[in-house]
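Written out below as structure tokens is the structure these notes cover.
The values are calculated or read from the model by the stated rules, or taken from the named source; none is laboratory data. Please read these numbers as outputs of a predicted model, since none were measured by experiment. Methodologically, a virtual Cβ is constructed for each residue, glycine included, from the backbone with ideal geometry; neighbour enumeration extends over all protein chains shown.
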2 protein chains.
Amino acid sequence: MILDKITEKVLHMIDGEGFKQEGAFNLRENGIAVCHGDSEHVKIRKKEDKQGIDIYIDKNTNGETVHIPVVVSASGMTDVVYNDFYIEDGANVNIIAGCGIHNSGCNDARHDGIHTFHIGKDAIVHYEEKHYGEGEGTGARILNPVTDIYVGENSVFTMDTVQIEGVDSTKRETDITMEAGSRLTVTEKLMTHDRQEAVSNMKVIMDGDGSSAQIISRSVAKGESIQTFHPRAIGKTACHAHIQCDSIIMNDAQVRSIPEIDARNVDAQIIHEAAIGRINSEQLLKLETFGLNEEEAEGVIIENFLN
Amino acid sequence: MILDKITEKVLHMIDGEGFKQEGAFNLRENGIAVCHGDSEHVKIRKKEDKQGIDIYIDKNTNGETVHIPVVVSASGMTDVVYNDFYIEDGANVNIIAGCGIHNSGCNDARHDGIHTFHIGKDAIVHYEEKHYGEGEGTGARILNPVTDIYVGENSVFTMDTVQIEGVDSTKRETDITMEAGSRLTVTEKLMTHDRQEAVSNMKVIMDGDGSSAQIISRSVAKGESIQTFHPRAIGKTACHAHIQCDSIIMNDAQVRSIPEIDARNVDAQIIHEAAIGRINSEQLLKLETFGLNEEEAEGVIIENFLN
């Protein structure tokens, strides 16, 4: 189908690989799945009982990418969707989700994506999720993702989440349970500006021997925005976890970080590091001597910090 | 006055410098101030309205040490005491508090020491507090200290707390407010064993420009003991804070660390680091090759870690 210009632009912002109506994909627009396709190994089925889709990824999936973007461009809309991913033993898959809101009206536009991952053994899953807001309206752009992930034995789960701009309010809830030998890497990048608010709660339970988790969170808070992070790592077995949260604070912003590390086994090894501070003034000065003005120099430092 | 052998032994454990009935001191035993003395610059007064003392430290105090130990040796006793420290501008003082419980009975023995520090400008205060329990009784030894500290402009406050052994249950509450240019160093050392429980809550509010705080917490959890740490650093102004929590977990123990760093000013710079893990096996092996058995080697490593 032919997409309108607003949708095209939003898709460009939230799908880094470029959204195409090819292979396995599902495009949800203003609460309706407007187009979708299956591939040999990936089948997408509409849920019967509620909004959302079931995505079946079979064991022979080998490096395929599934695109399931969501666009909300109707001011005043609240879109709640449940997406379930069933990933078979040994599958290797990339999933590109993400949601963009274009709000040109005076009412709030909101999307709550509740994603559940059921991952078998020895699978490799890469999950990417970009959040973005735009539009000249006064209505808020709100994104409240809930992500529940069950990582089976010896599986590898990599999660990249990015919220760069335009989201007035977000509350993220991420729950991850890890079986024996599984590995998790989470990279969270967040920038807030103006009066935006962001809350990110994450709970990682290392339930199986030899599981290991690495969580990296990098954020920039500008304007009068407020950010709160609450990552939790709970080690019930012989396991490793490393959580690192770094934030740059600017203007009148506030950043609060409340990590929790909880070792319930003598062989649980958990490390946490967090730092909040202003932009490095030496780096600023150095860039300014190259002829950049303060704003440009800040932009370069922030871009580097978030990449 | 002549002290009994149990009191002498407990005092030896909680007062590293050696308690003497000289200078400014106050010995509290089983809920009663049994002996006390003043010095030229430090006056100790019994409170009229409730249990406890007011300690007045004048501006000419220059490096003097005040000893105010507490001993509880009566099983079944709950001793609640309020001690207020009034420290004048420019004073330089060492305060050695601490509480030891000898419980040879089957009832719980408990001491709640509520200490409040009112510190003027340009003062230097070193506060030491050791907690210790012993006795063959089945009754619990419980210590719940509350410490409220107001650090005036450009003052320096150093707090060393140690709980090495024998305390079945402890809940520590420490609240610190810091004025401009003040400096804080807190060192907390904690070891729990058997079925002991320890909770330590600490809140540091950096309220004045140029205030800086360093908090170091080191703990060892053995047996089936459970430890919970909740240090909070709140930066409201241009300030620095560094929190570091390291824990060694052994046997079936559990350690939970929930730090909170909260930056409410662009010039607040706050860093947190925490690690929980088992004893370094390479260090163990090395000591064992020198002829130490496993228990001895563990003892050496723990002692080094806590010192």
Residue within the range A:155-164 that is buried (at least 18 other Cβ atoms within 10 Å of the Cβ), over 16 Å from the mean Cα position of the chain (by Cα) and assigned by TED's automatic domain parsing to the domain that holds A:ALA233 present: no
Some residue of the range A:73-81 being in contact with a helix residue (DSSP H, G or I) (Cβ under 9 Å, 6 or more places away or on another chain), of a type in the set (A, V, I, L, M, F, W, C) and not assigned by TED's automatic domain parsing to the domain that holds A:LYS189: no
Answer from B:ARG264, B:ARG256 - the residue that is of a type in the set (Lys, Arg) and under 23 Å from the mean Cα position of the chain (by Cα): B:ARG256
Segments classed as strands (runs of 3 or more DSSP E), wholly inside the range B:213-294, with at least 3 members that are more than 9 Å from every other protein chain (Cβ to nearest Cβ) and buried (at least 18 other Cβ atoms within 10 Å of the Cβ): B:226-235, B:239-249
Number of positions in the range B:95-148 that are of a type in the set (Phe, Trp, Tyr) and in contact (Cβ under 8 Å) with a residue 40 or more places away in the chain: 2
Near pairs, Cβ below 7 angstrom, 6+ apart or cross-chain, from the range A:152-167 (within 18 Å of A:HIS131 (Cβ to Cβ) and hydrophobic (A, V, I, L, M, F, W, C)) to any residue that is surrounded by fewer than 19 Cβ atoms within 10 Å (Cβ to Cβ) and at pLDDT 95 or above: A:VAL162/A:LYS189
Failed criterion for B:GLU298 (all others in (1) within 24 Å of A:HIS242 (Cα to Cα); (2) free of Cβ contacts under 8 Å to residues at least 60 places away in the same chain; (3) surrounded by 13 or more Cβ atoms within 10 Å (Cβ to Cβ); (4) more than 8 Å from chain A (Cβ to nearest Cβ) hold): (1)
Residue under evaluation A:SER75, criteria (1) in contact with a Cys (Cβ under 9 Å, 6 or more places away or on another chain); (2) of a type in the set (Gly, Ala, Ser); (3) farther than 19 Å from A:THR170 by Cβ, criterion not met: (3)
Checking B:GLY37 against (1) farther than 26 Å from B:GLY166 by Cα; (2) of a type in the set (Gly, Ala, Ser); (3) in contact (Cβ under 8 Å) with a residue 24 or more places away in the chain; (4) in contact with a Phe, Trp or Tyr (Cβ under 7 Å, 6 or more places away or on another chain), the condition it does not meet: (3)
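Results for (1) closer than 14 Å to B:VAL42 by Cα; (2) surrounded by 18 or more Cβ atoms within 10 Å (Cβ to Cβ); (3) acidic (Asp, Glu); (4) touching a Leu at 6+ places or on another chain (Cβ under 9 Å), shown as yes or no for each residue.
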position: B:ILE68; (1), (2), (3), (4): yes, yes, no, yes
position: B:HIS126; (1), (2), (3), (4): no, no, no, no
position: B:GLY139; (1), (2), (3), (4): no, yes, no, no
position: B:GLU153; (1), (2), (3), (4): no, yes, yes, no
Qualifying positions in the range A:1-44 - in contact with a helix residue (DSSP H, G or I) (Cβ under 7 Å, 6 or more places away or on another chain) and among the charged types (D, E, K, R): A:GLU29
The lone exception for B:GLY98 - which of (1) touching a Gly at 6+ places or on another chain (Cβ under 6 Å); (2) crowded, with 23+ Cβ neighbours inside 10 Å; (3) at pLDDT below 95 it fails: (1)
